[in-house]
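Below is one structure; the comments refer to it alone.
The values are calculated or read from the model by the stated rules, or taken from the named source; none is laboratory data. Note that the coordinates shown come from a computational prediction; the quantities given were computed from them, not determined experimentally. Quick reminder, even Gly has a Cβ in these numbers, built from the backbone with ideal geometry, and neighbours come from all protein chains shown. The accessibility values were calculated without ligands, DNA or RNA, using every heavy atom of the protein model including side chains. Shrake-Rupley method; radii C 1.70, N 1.55, O 1.52, S 1.80 Å.
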Amino acid sequence: MESCPSIKNILLLDSEGKRVAVKYYSDDWPTNTAKETFEKAVFTKTQKTNARTEAEIAMFENCIIVYKFVQDLHFFVTGGEDENELILATVLQGFFDAVGLLLRGNADKKEALENLDLILLCLDEIVDGGIILETDANVIAGKVASNSLDAGAPLSEQTISQALASAREHLTRSLLK
């Protein structure tokens, strides 16, 4: 039975293995402690490799992990053991390049934390519920950059906070009439 490629998680860790931005799409790690343990184990397994120029691939706990490092940020994309490594690598490269575009080439921990909202939106544009939506960095960065409060955008194109702000504004207008 053929199935759509899926992602188990996307991790962005710092040079000490601590979270910068993470998103889990499967129930393989039910608790926050399990997630943090997995992140620490993945970081420990991969920290001695040199994944700065090209993405590297590792098998870990019945998962395929594709990862790449830049300055003090470590990017990871995890899929099931039967996932296609090239698809995972494409997702990783899309995330990596989109973050680079959004941070204007200055991809380090400080800049990432200052623009955490953009990185989290970036994750939302790439994968939804484990299903890959987009891998083109220019499209991802464009959607994230255009998500700045655009009340004229259709409801389906707005983030939840934007939709709530828009609804609040419409309600206020209707009450003041």
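What does the extension gain come out to for ASP27 and SER6, with contour length at 0.36 nm per residue minus their alpha carbon separation?
In short, 6.3 nm is gained.
Rounded if a/c is under 1.5, else prolate if a/b is larger than b/c, else oblate: which is the stretch 22-140, with a ≥ b ≥ c the root eigenvalues of its Cα gyration tensor?
Rounded, since a/c falls under 1.5.
Can you spot the lysines whose alpha carbon is less than 27 Å from LYS68's alpha carbon? Ignore those fewer than 8 places along the same chain.
LYS8, LYS18, LYS23, LYS35, LYS40, LYS45, LYS48, LYS109, LYS110, LYS143
Roughly to the nearest percent, how much of the accessible area of the stretch 1-135 is carbon and sulfur, given a 1.4 Å probe?
C and S fraction of accessible area: 49 percent.
Taking 8 Å as the Cα distance limit and 6 or more residues as the minimum spacing, I'd like the relative contact order of the stretch 5-67 as a percentage.
20 percent.
Given a 1.4 Å probe, how much area per residue of the chain is accessible, in Å²?
With the other protein chains kept in place, the chain gives 56 Å² per residue.
Any idea how far apart ASP108 and ASP82 come out in nm if each label point goes 7 Å out from Cα toward Cβ?
Placing both labels 7 Å along Cα→Cβ, they lie 4.5 nm apart.
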